[in-house]
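To start, the structure itself, in structure tokens.
The values are calculated or read from the model by the stated rules, or taken from the named source; none is laboratory data. Bear in mind the structure is a predicted one, so any value in this text is a computation, not a measurement. All Cβ positions, even for glycine, are placed from backbone atoms using ideal geometry, and neighbour counts span all protein chains on display.
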Amino acid sequence: MTLTIVGSQLGDEGKGALVDRWGGDADVVVRYQGGDNAGHTVVEGGVEYKLSLVPSGAVRGTTGILGNGCVVNPKTLFTEIDDLRERGLDPDVRVARRAHVILPYHRVLDGIEEEVKADDDAGDEVGTTGRGIGPTYEDKAGRRGIRIADLLDSDVLREKLEYVVPQKRALVEDVYGLDLQGDDRAEAFDVDALHEEFAAIGERLADEGMTVNCSDYLHRRREAGDEILFEGAQGTHIDIDHGNYPFVTSSNPTAGAASVGSGLGVTAVGDGEVVGIVKAYLSRVGEGPLPTELDGDADEEALADDIREKGGEFGTVTGRPRRIGWLDLPMLRHAARVSGFTGVAVNHVDVLAGLDELKVCTGYELDGETFDTVPTTTERWERCEPVFETLDTWEPFDSAAVAEDGYDALPEAARDYLEFVADEIDTPIYAVGVGPDREETVELTNPFDE
Ligand code: IMP
């Protein structure tokens, strides 16, 4: 069977811990979109692994695949693999030959475009991770991208670079008006330097047997009876189609992309389980609306600081402090519908312990009307006033003991909170995260047993 794990909110829901936990029951873990913009932290036996590209399952020795829907920075890939090897692990990671490559000029362009947007004072910068994600997907859609397979053929690579690099240089110099002479970014636009570096990367990929025809590979593994876990990166509300455009990433974190981004048919994905990962409150890194944001007055800001510290809400990739808000059910309803969740896992329930007050947004008011899901435009969403329901709070509890004793050991108010959420989105709870370690999860249902 297949299990697809999807972020229900704005990324950073703690997907890594669940992927890592259930990945132990999978034979292959596949990422189907995004690139090294995805920070995931996996804690194993008290040791913390921070990964941005390598699928989380690799920490447990499961085969990790970067599907064709991913954009791959091979330098990050090798750095993460080498780091895991130095720490005594032997990660088995394969990359789809149809996946697109992030080149140095993509990262430079990501930075320039954000600077230009910031300078025009229109407030339309996205706050990207600066990893070149958007510019690489633009080239993919523009049919001028360089794919992993192209790195394996030095002549093809040169031909493609000779076509695309002068266009990128002209974009920087003629459109953005920057002079690359003497600029340390110039090397990113030098065909010879790029060719030398990326042909060598292709050789290493070939030497280590790391590239695959993803569709064929997964098809064969499935035929052999292997269990496949799709690891979504980022979250539903920064999906380029279903998120709050334009404050989105340039790929589809939602479940439909598991098929497109891997080459395994929609029936295989749809026949399996789709689990939405939910954080018990909200966090957002980057720009864009957040109707339930705790930023109204000094008390709210102090509460946000407290949650941020307790929850470690600082970007894994960029280190930026994350914005904090109350749980927003309209966002979860949208996520459950778009991806067709069969279950949810709610994380960070421990972080909300000990609060004086606990609120949940159940709907929005806008122009005298009420809504139970997210409007289609950012302009309308940012004008929405959240409708809150106040629920009982719970005291801090011993996470290890709760993880050991099970769901009923959670404080009653925490269980009420979880059941309220499950009812509102009409989706059962499969797991509850009560701490950062993989062991600190209360499992109600293992999707691989369904
Ligand atoms: P990009 O993916 O770097 O282009 O960034 C686009 C938007 O997605 C920005 O608001 C980023 O902060 C956000 N973003 C990208 N990756 C992640 C992630 O893994 N977690 C949370 N936000 C992300």
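To keep it simple, each residue is scored yes or no on (1) among the polar types (S, T, N, Q); (2) modelled with pLDDT of 95 or more; (3) within 16 Å of the ligand (Cβ to nearest atom); (4) not in a helix (DSSP H, G or I).
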position: Leu180; (1), (2), (3), (4): no, no, no, yes
position: Ala188; (1), (2), (3), (4): no, yes, no, no
position: Phe198; (1), (2), (3), (4): no, yes, no, no
position: Glu203; (1), (2), (3), (4): no, yes, no, no
position: Leu229; (1), (2), (3), (4): no, yes, no, yes
position: His237; (1), (2), (3), (4): no, yes, yes, no
position: His242; (1), (2), (3), (4): no, yes, yes, yes
position: Thr249; (1), (2), (3), (4): yes, yes, yes, yes
position: Asn252; (1), (2), (3), (4): yes, yes, yes, yes
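Please verify whether segment 19-26 includes one or more residues that are among the acidic types (Asp, Glu), away from the ligand (no atom under 12 Å from the Cβ), in a helix (DSSP H, G or I) and modelled with pLDDT of 95 or more. Steps first, answer last, please.
Within segment 19-26, the first condition is being among the acidic types (Asp, Glu), and the residues that meet it are 20, 25.
Add one more test, that the residue is away from the ligand (no atom under 12 Å from the Cβ), and what stays is 20, 25.
Okay, now just the ones that are also in a helix (DSSP H, G or I), so 20.
Applying the additional criterion that residues be modelled with pLDDT of 95 or more yields none.
Among the residues of segment 19-26, not one is among the acidic types (Asp, Glu), away from the ligand (no atom under 12 Å from the Cβ), in a helix (DSSP H, G or I) and modelled with pLDDT of 95 or more, which makes the answer no.
Would it be correct to say that Gly319 is outside the structural domain of Gly34 (by TED's automatic domain parsing) and among the small types (Gly, Ala, Ser)? It would help to see each step written out before you state the result.
Details: outside the structural domain of Gly34 (by TED's automatic domain parsing): yes; among the small types (Gly, Ala, Ser): yes.
Yes.
Determine, yes or no, whether Gly406 is loosely packed, with under 15 Cβ neighbours inside 10 Å, in contact (Cβ under 8 Å) with a residue 24 or more places away in the chain and outside the structural domain of Trp22 (by TED's automatic domain parsing). Steps first, answer last, please.
Details: loosely packed, with under 15 Cβ neighbours inside 10 Å: yes; in contact (Cβ under 8 Å) with a residue 24 or more places away in the chain: yes; outside the structural domain of Trp22 (by TED's automatic domain parsing): yes.
Answer is yes for this residue.
Yes or no: segment 361-371 includes at least one residue that is part of a loop (DSSP other than H, G, I, E, B) and among the charged types (D, E, K, R). Break it down stepwise before answering.
Going through segment 361-371, the residues part of a loop (DSSP other than H, G, I, E, B) turn out to be 367-368.
Next, from what is left, pick out any that are among the charged types (D, E, K, R): 367.
Yes - at least one qualifying residue is present in segment 361-371.
Inside segment 257-287, can you point out the residues that are surrounded by fewer than 21 Cβ atoms within 10 Å (Cβ to Cβ) and under 17 Å from the mean Cα position of the chain (by Cα)?
Val260, Gly286, Glu287
So in segment 108-163, with the set limited to residues that are more than 16 Å from the ligand (Cβ to nearest atom) and in contact (Cβ under 8 Å) with a residue 60 or more places away in the chain, which one is surrounded by the fewest Cβ atoms within 10 Å (Cβ to Cβ)?
Among them, the one singled out is Ala149.
Sort out which residues of segment 409-450 are in contact (Cβ under 8 Å) with a residue 24 or more places away in the chain, within 18 Å of Val274 (Cβ to Cβ) and in a helix (DSSP H, G or I), and write them in order of number.
Val421, Ala422, Ile425, Pro447, Phe448
Per-residue answers, yes or no, for (1) of a type in the set (D, E, K, R); (2) at pLDDT below 95; (3) at positive phi:
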{"site": "Pro321", "(1), (2), (3)": "no, yes, no"}
{"site": "Gly325", "(1), (2), (3)": "no, no, no"}
{"site": "Asp328", "(1), (2), (3)": "yes, no, no"}
{"site": "Gly343", "(1), (2), (3)": "no, no, no"}
{"site": "Asn347", "(1), (2), (3)": "no, no, no"}
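I need the full set of residues from segment 288-343 which are crowded, with 21+ Cβ neighbours inside 10 Å and acidic (Asp, Glu), in order please.
Those that are crowded, with 21+ Cβ neighbours inside 10 Å and acidic (Asp, Glu): Glu313, Asp328.
In the list Val402, Val387, Val374, which residue meets the criterion of being in a loop (DSSP other than H, G, I, E, B), among the β-branched types (Val, Ile, Thr) and modelled with pLDDT of 95 or more? Lay out the reasoning, then the answer.
Numbers: Val402 fails: in a loop (DSSP other than H, G, I, E, B); Val387 fails: in a loop (DSSP other than H, G, I, E, B).
Among Val402, Val387, Val374, only Val374 is in a loop (DSSP other than H, G, I, E, B), among the β-branched types (Val, Ile, Thr) and modelled with pLDDT of 95 or more.
Scan segment 171-210 residue by residue and report those that are among the acidic types (Asp, Glu) and either over 22 Å from Ile112 (Cβ atoms) or surrounded by 13 or more Cβ atoms within 10 Å (Cβ to Cβ) (or both).
The first filter runs over segment 171-210 and keeps only residues among the acidic types (Asp, Glu), leaving 173-174, 179, 183-184, 187, 190, 192, 196-197, 203, 207-208.
If the condition is that a residue be among the acidic types (Asp, Glu) and either over 22 Å from Ile112 (Cβ atoms) or surrounded by 13 or more Cβ atoms within 10 Å (Cβ to Cβ) (or both), then Glu173, Asp183, Glu187, Asp190, Asp192, Glu196, Glu197, Glu203, Asp207, Glu208 are the ones that fit.
Please go through segment 39-49 and pick out each residue that is among the β-branched types (Val, Ile, Thr) and either at pLDDT 95 or above or within 16 Å of the ligand (Cβ to nearest atom) (or both). Steps first, please.
Just the residues of segment 39-49 that are among the β-branched types (Val, Ile, Thr), to begin with: 41-43, 47.
Listed by number, the residues that qualify are Thr41, Val42.
Which one of the conditions (1) touching a helix residue (DSSP H, G or I) at 6+ places or on another chain (Cβ under 6 Å); (2) more than 10 Å from the ligand (Cβ to nearest atom); (3) among the acidic types (Asp, Glu) does Asp36 fail to meet, given that it meets all the rest?
Checking Asp36 against (1) touching a helix residue (DSSP H, G or I) at 6+ places or on another chain (Cβ under 6 Å); (2) more than 10 Å from the ligand (Cβ to nearest atom); (3) among the acidic types (Asp, Glu), the one that fails is (2).
Within the set of pairs 6 or more residues apart or between chains, which connect a residue that is farther than 10 Å from Leu152 by Cα inside segment 191-209 to a residue that is exposed (fewer than 13 other Cβ atoms within 10 Å of the Cβ) with Cβ atoms less than 7 Å apart?
Val191/Glu162
Out of the residues in segment 287-319 meeting the condition of being among the aliphatic types (A, V, I, L, M) and within 16 Å of the ligand (Cβ to nearest atom), tell me which one is farthest from Gly35 (Cα to Cα). Please lay out each step first, then the result.
Of all residues in segment 287-319, those among the aliphatic types (A, V, I, L, M) come to 290, 294, 298, 302-304, 307, 317.
From the residues that got through so far, the ones that are within 16 Å of the ligand (Cβ to nearest atom) too are 290, 317.
Working: Leu290: 24, Val317: 11 Å.
Of everything passing the filter in segment 287-319, Leu290 is farthest from Gly35 (Cα to Cα).
Can you run down the residue pairs with Cβ atoms below 6 Å, 6 or more apart or on separate chains, where the first is in segment 305-334 and farther than 18 Å from Gln9 by Cα and the partner is modelled with pLDDT of 95 or more?
If the second residue must be modelled with pLDDT of 95 or more, the pairs left are Lys310/Val351.
Would you point out the residue of segment 50-74, among those that are crowded, with 23+ Cβ neighbours inside 10 Å and modelled with pLDDT under 85, that is nearest to the chain's Cα centre (by Cα)?
Ser56
What do you reckon, is Asp226 over 30 Å from Arg383 (Cα atoms), in the same structural domain as Lys168 (by TED's automatic domain parsing) and surrounded by fewer than 22 Cβ atoms within 10 Å (Cβ to Cβ)? Reasoning before the result, please.
Values: over 30 Å from Arg383 (Cα atoms): yes; in the same structural domain as Lys168 (by TED's automatic domain parsing): no; surrounded by fewer than 22 Cβ atoms within 10 Å (Cβ to Cβ): yes.
Taking the combined requirement at face value, the residue does not satisfy it.
Let's see how each residue does on (1) within 11 Å of the ligand (Cβ to nearest atom); (2) buried (at least 24 other Cβ atoms within 10 Å of the Cβ); (3) of a type in the set (Phe, Trp, Tyr):
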{"residue": "Leu3", "(1), (2), (3)": "no, yes, no"}
{"residue": "Gly11", "(1), (2), (3)": "yes, yes, no"}
{"residue": "Lys15", "(1), (2), (3)": "yes, yes, no"}
{"residue": "Tyr32", "(1), (2), (3)": "no, yes, yes"}
